[in-house]
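Reviewing the structure listed below.
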Amino acid sequence: MATSSDKAYREYASYWAIVWEQFRKQRSSYWAMWLIFGLFALAIYAPVFSSSQPFVWRGSDGGLSFPWFSSLLFNRNVFENGVDLFFNLLLVLSPALLVSFLLIRTRARSMKVSDAARLHRQHLLFWNLIILAAFIGLMLTEPRTALPEYREFAAAGLESGFALFPPLRIHYEDTLHGVTGPGIVHVLGQDNAGRDIFVRLLYGTRVSLSIGVIAVSIYITIGIVLGSIAGYFGGRTDIVVVRLIEIFLCFPAFFLILTFIGFLDQPSIAWVMVIIGLIGWTGPARLVRGEFLRLRNIDFVAAARALGLSNTRIIFRHILPNAMGPVLVNATFGVASAVLIESTLSFLGFGDPTLPSWGRILAFGRSTSDTQMMLIAGFAIFVTVSAFNMAGEGIRDALDPKLRK
Amino acid sequence: MERNFFSSVALTVVMFVFAVLVLFNTCQVNHLQEHVIASTNEVQTLQRAISRMQNEIESGAVGGRASSGRARSQSDDEQARFFAEDEWEALNRPGNLLVPATSSLWAEGAVDGGTLRRAFITDMPGLNPLTNNAADVSELYSYVSESLASQQRDDIERWTPGLAYRIEANDDFTEYRVFLKRGIRYHRASVDFSDPRYEWLQEEREVVADDFVFFLELAMNPQVDAAHLRNYYEDVEGIEVVNDHEFIVRWSESTYHSLVFTFGLSPMPRWLYGADEDGELYDEAEVGRRFNGHWFNQRAIGTGPYRFVRWQQGGSIILERNEDYHGERPPIERVEFQVIRDETGRLNNLRAGELDFTDIQPTQYRNEIVQGGTRGFETGELEHDTYQGLSYRYIGWNMDTPFFEDRRVRLAMTHAMNRQQMLDVNMEGLGRVISGPFFIDSEENDASIEPWPFDLERAAELLAEAGWEDLSGDGILERLVDGRPMRFEFRMMVYGHRPEFIAAMESYRNDLRRIGVRMTIQPVEWSIMLQRMYEKDFEAFTGGWVLSAALTDPYQIWHSSQADVPRGSNRVGFRNPEADELIERLRVTFDRDERIRMLHRFHAIVHEEQPYTFWFAPLEVAAWRSHLRNVNFSPVRPFDQSLSWFIQQ
């Protein structure tokens, strides 16, 4: 039997159900969302398609080994940078994630709605912590093992051994000049350094998506905190924050980013994320502040205040969920623009030179006058940015009650 | 507005079609323009052919066909006509450091006349011969002015007369007695003579000994922005003028480079560069200050085979043949330099017939020539050639780091570098693998020393010998330094704007990883690279040196004293007592064979020690329209000077 609070929760949840229904009606946005999921899947499962390491290996000595699996997390000689490591972690944990999600969902069906929501939250938190802890642990320990040239052994012919490779036996840093062996096919050709363009593009998805998502998370977080404080408290706090926003808005964002990057000797991908994150927060901050100004005098807030709830609780539990709509829209567009900014930076030669970013591929194509390479990289950027923009438009329209169909 | 999936798709399709149409249109217009240019050229060619035929009919002569090739060799009698009788006799007297030229600028069947249009690649702030030391300005002056003597362009061992017909030196080469040719006049200054204030420039003046004194005064004047010259001439004690056509250059030390720089002296007319626009001479104290911004700096003057006519600001520089030239006149009558900074623009202009000659960049070489099929080269309308440039590329190993202090490690690094493959794949084959620091086509380079071969197994062996082994089993070599294992991980600084170098280093990195060495590629700006080299904050870098065909002096780059001076050029910290001794002796050795022996020994030392991994000597590429004939290149700068070229009309 449902209690009154459950009912309230249901009605609250049904707001998002309405939004979801509206969103599904926007066909192009709906498909763009699936495209984005597809891109994430590509990014996570890239090593399944191409890696220099065989899944299964039995050498002539008869010992069975699984180099591909250990290379994902425990060999920095294969995957050197953090972005790869993070996505590999997701790849390894994805079956467990899926199973645990399904289990929780079946369990939640028989529970009260509020309990189910709490369970979902805890579940999410649990996995976040696991992934974060594992990632930090791996980054700090930096495990390495020697790299036998499996492909050459395989190409030389295994008399008594056995090897099972991914469809493409190529790592994105391999410089293969005229090396052809079974399984070495260059789908989109090679660049001037002999690296496979398709494989670099595939792994470039990881760079672009992680830049987009992480940079945007950083600035949304900053924006929400500052915006809600300014909007909720008003007065002097508001003035300070708004002036800060105006100061940041005075400078053209891209030049600010270039200046920051210029200070760094070797800008790694993490720095690029942080810098984009530190620059972009003004937009969401203004949106959240506006929403807070609107909401802070509405009855439910007054009621919460009358109940003697703390400011933190009122801000984050009562007002913020109602102010999230515009931020969500801003975030989706933000991802698209972050991908573009990263591509531009890489194109200009800033950013981490060791990563196979799309902008870098584009720049390399331009400087070696390889038109095909430029077109391919440009197309990948175009598709991703468009997908995020289309999804953003869909969310915006779905949130707008005037456009309900 | 109602939006749905299909309208978005329709909009995208329409936009796409529109974009394609725009592209198509642009291509069409380009195509049309090219056609127009081509037809204009054809009409011009026809007109030229007609006028030539008329000439031939009138004169009754029949033109012989030109054959391209090297300049004809020339007999002494032909040379002698450029000198007065006593000068010619003195030129051939023993003790003279100069020898008569043996080749002619006129190839078999060369045609007199025509305009050569070529390109400058940089904008020039001015044309002052001392303060504007850009490569393009030097190239311009190689047409307009002359020095006392010059290397014969097809035989760089011969120093042939320029303004001097005789130069003698004392036993220890500290005193050079120079005899100038008589009657050499400066070109008439390219000023507007309708303006009466330039009346004083009407008179044609002769080159005299004092002009060289003035050159030295200017070069050594600290107010003049010519620091690069002061380095060369700081050891000159002075010039003593005997008479207008004879003077003595005194050097404070006996060094080999005194010879080259004495020969390289060129005159600066005091009556022009020491005077204001009305011909009034400046005060002695003011000369240097006025010289930097001298009113004549937008023009050029000299005594050379070509006369400076005018420089349309931002446009082309026009030279005309000096018909009164005291030496052999070149076949081409007019040379026009257009400033085109963009390499694609230069090639397009060449295609369109706006240029006759241009250099070609490696990527253009690959896309336009090697991959073939592009307009012009396949029809025979354009021709191209490669020639050996006077420079080399290398990887420098910081010998003050624990990685590269050991000779065996540096040798292993060289063995692990597949230089030939990098050249073929990344540099379009434009270069030759080298084993030492000297010009590959000179006698100074010991051709018997073979570059170390690519051999990963040998590299691994050498690293093991040097004490590097994989102690922790992580695939990366380690060595115990002060009881703690140090991994073989180093940074390679690469000049960031050359993708082909980065590409080559990518494959090097993969090869190194196979022998357990971890290299990180750091593409950096040139300024940052320099700064980090000065601060010795590097392990390895890709670099290049430009060579001189006239003088080989390893002191700057290889002497141990240069490793410790701030901003020294011995950036890798090469300190070898035997090499030091050789370098010091080379500076005071004047006997050619002895010098060659010593340079070969030096070459052998650096080959053994491998302070650098000598990478390759790049080949330069040039392309020209095929009516330009006898196009040849010299190892002397400027490599592509056109004096012996001619235009077949």
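Things worth noting here:
- Burial order of peptide ranges A:344-352, A:203-211 (average beta-carbon count within 10 Å, highest first): A:203-211, A:344-352
- For the range B:558-611, taking Cα atoms only, Rg and Dmax work out to 11.6, 35 Å respectively.
- Kyte-Doolittle at least 0.5, axis length at least 27 Å by Cα - qualifying DSSP helices, chain A: A:27-49, A:82-109, A:113-141, A:197-233, A:320-347, A:371-399
- Per-residue mean of C-beta atoms belonging to partner chains within 10 Å, peptide A:141-150: 3
- Positions from the range A:354-374 whose accessible area shrinks by 30 Å² or more when the full protein complex is built, not the chain alone, probe 1.4 Å: A:T354, A:F364, A:S367, A:T368, A:S369
- On the beta carbon distance between B:R585 and B:D86, with R0 = 41 Å, the FRET formula returns roughly 0.55.
- Buried accessible area, chains A and B (both chains, 1.4 Å probe, Å² to nearest 100): 2700
- Peptide A:69-76 has a mean of 1 when you count, residue by residue, the C-beta atoms of other protein chains within 10 Å of its C-beta.
- Of all DSSP-defined beta bridges confined to the protein assembly as shown, some 80% are antiparallel rather than parallel.
- The Cα atoms of chain A cover 80, 55, 44 Å along the three principal axes, with the biggest extent listed first.
- Accessible area, probe 1.4 Å, largest first, for residues B:D112, A:D397: B:D112, A:D397
- Applying the Kirkwood pairwise sum to the alpha-carbon positions of chain B produces a hydrodynamic radius of 28.3 angstrom.
- Highest average packing first - B:234-247, B:130-143, Cβ atoms within 10 Å: B:130-143, B:234-247
- When only alpha carbons of the protein assembly as shown are considered, Rg and Dmax amount to 36.7, 127 Å.
- At a probe radius of 1.4 angstrom, the accessible area of chain B per residue rounds to 45 square angstrom.
- Straight-line cross-link partners of B:K536 among the aspartates and glutamates, defined as a Cα under 13 Å from its Cα and at least 8 positions apart when in the same chain: B:D400, B:D564.
- Spatially proximal aspartates and glutamates relative to A:K112 (Cα-Cα < 16 Å; intrachain offsets below 8 disregarded): A:D6, A:E11
- The trypsin sites (Lys or Arg not before Pro) found in the range B:334-440 that occupy coil by DSSP, while having at most 15 further C-beta atoms within 10 Å, are B:R341, B:R375.
- For the peptide B:502-515, the mean number of other protein chain Cβ atoms found within 10 angstrom of a residue's Cβ is 4.
- Rg then Dmax, both in Å and based on the Cα atoms of the range B:282-355: 16.7, 52.
- Distribution of pairwise C-alpha distances over the range A:75-119, 10 Å bins, in %: 25, 30, 22, 17, 6
- At q = 0.12, 0.13, 0.14, 0.15 Å⁻¹ the log10 of I(q)/I(0) for the range A:14-167 amounts to -0.73, -0.82, -0.89, -0.97, computed by Debye summation with a single uniform scatterer per C-alpha, solvent ignored.
- Note: the range B:391-619, Cα convex hull, 124 Å³ per residue.
- Simple point charges give the picture: +1 on the Cβ of Lys and Arg, -1 on the Cβ of Asp and Glu, and for the range B:391-619 a dipole about the Cα centre of about 460 debye.
- Ranking B:R118, B:R629, A:R58 from most to least accessible surface, computed with a 1.4 Å probe over the protein chains only, gives A:R58, B:R629, B:R118.
- Share, in percent, of DSSP beta bridges within the range B:391-619 that are antiparallel, nearest 5: 70
- Residues of type aspartates and glutamates that A:K402 reaches as a straight line, Cα spacing below 16 Å, ignoring anything fewer than 8 places off in the same chain: A:E21, A:E393, B:E2
- Helix runs (DSSP H) in chain B reaching 20 Å along axis by Cα, Kyte-Doolittle at least 0.5: B:5-59
- FRET E, pair B:N231, B:T520, Förster distance 56 Å, beta-carbon r, rounded to 0.05: 0.95
- Distance-filtered residues of the range A:70-93 - backbone nitrogen under 14 Å, label point 7 angstrom along A:F55 Cα→Cβ: A:70
- Compactness index (Cα Rg / 2.2 N^0.38 Å), the range B:174-316: 1.11
The values are calculated or read from the model by the stated rules, or taken from the named source; none is laboratory data. Predicted model, so just to flag it, every value in this text is computed and none were measured. All Cβ positions, glycine included, derive from the backbone under ideal geometry; neighbour counts span all protein chains shown. Side chains are part of the model used for accessible areas, which takes the heavy atoms of the whole protein and leaves out ligands, DNA and RNA. Shrake-Rupley method; radii C 1.70, N 1.55, O 1.52, S 1.80 Å.
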